[in-house]
Amino acid sequence: MTPTTIAIGSDHAGFELKEHLKRFLEAQGHPLEDCGTVNTQPVDYPDVAWKVAEAVAGGRCQVGILVCGTGLGMSITANKVPGIRAALCHDSYTARLAREHNDANVLAIGGRITGTGLVEEIATIFLTTPFAGERHARRVAKIMEGETQRST
Ligand code: RB5
């Protein structure tokens with residue numbers, strides 16, 4: 001797999017799965033920027049989601065991975081950052097289409113939903129599937145145009 005610079009973060013509910021993913025991704029040579037949290041003490045997921053999303057939107061990292069209990073709070077927050085297309089993926093098919101159709105740049109995972117084996121498969125698919133372009137490029141461009149028009 002081509003090394004990808006990844007910003008990764010979780011809240012307390014996603015901490016264990018984030019640590020599992022870190023070991024898995026580091027073993028494959030991906031440089032990681034860990035944006036927290038550092039243990040299972042309760043934290044507020046937006047604080048971490050902002051850090052990961054800004055690392056990706058600012059260009060320091062190519063991809064973001066966020067884990068909370070359901071993945072919902074992380075994806076909702078990350079999608080508020082201009083330039084971010086965060087996709088909540090509970091399965092491999094969604095992970096593939098999030099890349100092929102939506103050119104997603106942040107993967108959100110439900111730490112209380114997704115098991116360790118499945119999360120490895122989802123992350124691998126997300127990191128290796130290219131954007132399909134063509135008609136999807138027009139649609140993604142409309143998302144980004146709409147974001148610009150509405151952010152003032
Ligand atoms: C924390 O209890 C939980 O609300 C959080 O991890 C996440 O699932 C929110 O969307």
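The values are calculated or read from the model by the stated rules, or taken from the named source; none is laboratory data. Here the structure is a predicted model, which means the values were calculated and not measured. Heads up, the Cβs are rebuilt from the backbone with ideal geometry, glycines too, and the neighbour counts pull from every protein chain shown.
Residue by residue, here is whether (1) in contact (Cβ under 8 Å) with a residue 60 or more places away in the chain; (2) closer than 19 Å to Ser10 by Cβ; (3) more than 12 Å from the chain's Cα centre (by Cα) holds:
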site	(1), (2), (3)
Ala53	no, yes, no
Val81	no, yes, yes
Ala86	no, yes, no
Leu97	no, no, yes
Criterion (in contact (Cβ under 8 Å) with a residue 60 or more places away in the chain, away from the ligand (no atom under 15 Å from the Cβ) and either within 21 Å of Phe15 (Cβ to Cβ) or among the β-branched types (Val, Ile, Thr) (or both)) met by exactly one of Thr116, Thr129
Thr116
Scan the stretch 3-42 residue by residue and report those that are within 17 Å of Gly64 (Cβ to Cβ) and among the β-branched types (Val, Ile, Thr).
Thr4, Thr5, Ile6, Ile8, Thr37
Meets criteria (over 23 Å from Asn102 (Cα atoms), at pLDDT 95 or above and touching a helix residue (DSSP H, G or I) at 6+ places or on another chain (Cβ under 9 Å)) for Ala13:
yes
Which ones in the stretch 107-117 are part of a loop (DSSP other than H, G, I, E, B) and either touching a Ser or Thr at 6+ places or on another chain (Cβ under 6 Å) or among the aliphatic types (A, V, I, L, M) (or both)?
Ile113
Strands (runs of 3 or more DSSP E) within the stretch 1-106 that include 1 or more residues more than 16 Å from the ligand (Cβ to nearest atom) and crowded, with 16+ Cβ neighbours inside 10 Å
6-10, 32-34, 63-68
Report whether or not Ala108 is under 30 Å from Ala13 (Cα atoms) and touching a Leu at 6+ places or on another chain (Cβ under 6 Å).
yes
